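All of the numbers you see were taken from the coordinates with simple rules; none came from a lab. Only a predicted model underlies this, so the values are computations on that prediction, with no experimental measurement involved. Glycine also receives a Cβ, built like all others from the backbone with ideal geometry; neighbour counts cover every protein chain displayed.
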Amino acid sequence: VNRPEHVIIVGGGLAGARAAQELRAQGHAGRLTVIGAEPELPYDRPPLSKGVLAGVAADDTTLEVAWDQLEVTLTLGRRATGLRPGGLETDRGELGFDALVLATGAQPRRLPDLPADTALVLRTVDDARRLRRELRPGARVVVVGAGWIGAEVATAAAAARCRTTVLEAGPAPLAGALGEQVGALTAPWYAAAGVELRLRAAVIGVEPGAVLLADGSAVPADVVVLGLGARPDTGWLAGSGLALDAALGGAVAVDEHLAASWPRVVAAGDCSAWWSRRFGARLRVEHWDDALHAPAVAVSTLLGRPAVHDPVPWFWSEQFGHVLQHCGYAAGADTVVPRGDPTGPAGWSVCWLAQGRLVAVLAVDRPRDAVQGRRLIAAGATPQVARLADPAVALREV
Ligand SMILES: Cc1cc2nc3c(=O)[nH]c(=O)nc-3n(C[C@H](O)[C@H](O)[C@H](O)COP(=O)(O)OP(=O)(O)OC[C@H]3O[C@@H](n4cnc5c(N)ncnc54)[C@H](O)[C@@H]3O)c2cc1C
């Protein structure tokens, strides 16, 4: 195989850092350059909306990577701005490459026409530090969006004794991710934490001191935080000719080997959408676990040994004193099976089936269900619904 001499990794997050490690571990002996737009060494994001925001964890979440030993040219604070075959444009000039790993992650969605400093978002360590300073007792904090990040921010705000309101356009928290009925099971957590949750509340604007709703009312706010999800950070690739998946937010379209539409270009992590053999669909998986593991496959492919990326997606969230874990992909599900009492102390789960096959599991304060459920999904299990619904039966026994 004709091995690449100079490999460039674009993006200095978890996926970019893991790609650098894997390139050396898998035998790339040539030049290796990482271009990262943020000034920080690659760091972990999940703690930012949890311990860091709550002020109980250090805000230095730098990944443990032996950069010196990897012999990487690490160029931080530099942004890629355009791509053509063999050439990467950056805000500090163009670079040539033989092979490319795209790992530019995602950017928080904002409201259209909203000046950047009117509302905060949470993606970077800087965002987390700034938001933490604003979470003062008594401050009126309005979180727009009851998705994963919104719920975690509301949790931290309530713990900091802020007067917290969450505005959600949909019919339930997490409705986009879990569906209305399952998402609704988390709604009581808000009131229990002293957080006001307003559903079907469509935000049309933010002005100093208030969030404006479509029904003409205004919600007073000292701090506004947007939790509207994220979109792949691939705007700089538009017009390059590299295939992006418009239906999945413009993510870099890659196959099951994580190969992009050009030779010697691969992508991994939040910026990408990969073809899942298991689910027969292209998935955009914005999870830490995927950014951790996909780069090994992408690098193998890049070095001429195409591997297959086909995990059961998995992630977790910590909100209102609960640990949620979700695994699988529920898009094609036809049956939803609740497991355990959502109001009881022992935790509960929900299983999704498609034509009898287990395709997704949500486990709330039931870590074993998450681990065992993920294995069942991986094995293509077709469990009995009655046993699935019985929380006394271990998932691995169903
Ligand atoms: C607050 C928060 C909490 C989270 N909590 C969880 C959780 O509990 N569980 C879970 O599974 N996942 C969680 N996630 C998601 C997880 O952090 C992401 O899936 C993961 O960070 C993806 O890694 P990545 O390397 O693909 O992208 P990123 O971490 O976004 O890194 C991409 C990097 O590339 C840089 N970049 C972008 N464009 C360019 C360019 N043109 N040129 C150069 N550099 C560029 C960016 O600045 C960034 O530094 C959370 C995310 C956030 C923001």
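Quickly rank 21-31, 110-120 as a protection proxy: mean count of other C-beta atoms within 10 Å, highest first. Walk me through the numbers before you get to the answer.
On the way: 21-31: 15.8, 110-120: 12.5.
Taking the mean over residues of other Cβ atoms within 10 Å, the ranking is 21-31, 110-120.
Remark: ASP369, ASP126, ASP215 ranked as ASP215, ASP126, ASP369, counting other beta-carbon atoms within 10 Å and listing the fewest first.
Here the Karplus relation 6.51 cos²θ - 1.76 cosθ + 1.60, evaluated at θ = phi - 60°, turns the backbone of segment 222-234 into coupling constants of 8, 9, 10, 10, 8, x, 9, x, 10, 10, x, 8, 10 Hz, with x for every Gly and Pro.
May I ask you to order 128-137, 150-159 by the average number of other C-beta atoms within 10 Å around their residues, highest value first?
On the way: 128-137: 15.8, 150-159: 25.4.
Most protected by this proxy first, the peptides run 150-159, 128-137.
In the neighborhood of ARG78, defined by Cβ-to-Cβ distances under 14 Å, what is the net charge if each Lys or Arg adds +1 and each Asp or Glu adds -1?
Cβ neighbours under 14 Å give a net charge of -3.
Rounded, prolate or oblate for segment 198-326? Axes are the square roots of the Cα gyration tensor eigenvalues, ordered a ≥ b ≥ c, and the cut-off for rounded is a/c under 1.5. Taking the square roots of the gyration eigenvalues as a ≥ b ≥ c, segment 198-326 is prolate. Look at THR75, THR382, THR343, THR301 and count the other Cβ atoms within 10 Å of each Cβ; fewest to most, that gives THR343, THR382, THR75, THR301. With the cut-off at 1.5 for a/c, could you classify the chain from its C-alpha gyration tensor as rounded, prolate or oblate? It is oblate, given that a/c is not under 1.5 and a/b is not larger than b/c.
The order of ARG163, ARG357, going from fewest to most other C-beta atoms within 10 Å of their C-beta, is ARG357, ARG163.
How would you order 202-208, 253-259 from highest to lowest mean count of nearby Cβ atoms within 10 Å?
Working: 202-208: 14.4, 253-259: 21.9.
Sorting 202-208, 253-259 by mean packing, highest first, produces 253-259, 202-208.
Indicate, rounded to the nearest 5 percent, the antiparallel portion of the DSSP beta bridges found entirely in the chain. Intermediate values should be presented prior to the final figure.
Working: 48 of 81 bridges.
Around 60 percent of the beta bridges assigned by DSSP in the chain are antiparallel ones.
Taking a ≥ b ≥ c as the square roots of the eigenvalues of the Cα gyration tensor, segment 250-300 is classed as rounded, since a/c falls below 1.5. Amide H to amide H distances under 5 Å link ALA354 with ASP334, VAL359, where only residues 5 or more positions off or on other chains count and H is placed in the peptide plane. For segment 218-284 versus segment 182-203, the inter-centroid distance based on Cα atoms is 29 Å. For GLU256, the residues 5 or more places off, or on other chains, whose built amide H falls under 5 Å of its own are TRP275.
The mean sequence separation of alpha-carbon pairs under 8 Å and at least six residues apart, normalised by the residue count of segment 7-119, gives a relative contact order of 34 percent.
Note that segment 214-221 has calculated 3J(HN,Hα) couplings of 4, 7, x, 8, 10, 10, x, 8 Hz, one per residue in order, obtained from phi through the Karplus relation 6.51 cos²θ - 1.76 cosθ + 1.60 (θ = phi - 60°); glycine and proline are x. The H on the amide N of PHE320, modeled in the peptide plane, is under 5 Å from the matching H of THR155, each at least 5 residues off or on a different chain. A simple rule links phi to the HN-Hα coupling: the Karplus curve 6.51 cos²θ - 1.76 cosθ + 1.60 with θ = phi - 60°, which for segment 29-38 gives 9, x, 5, 9, 10, 10, 10, x, 6, 7 Hz, with x for Gly and Pro.
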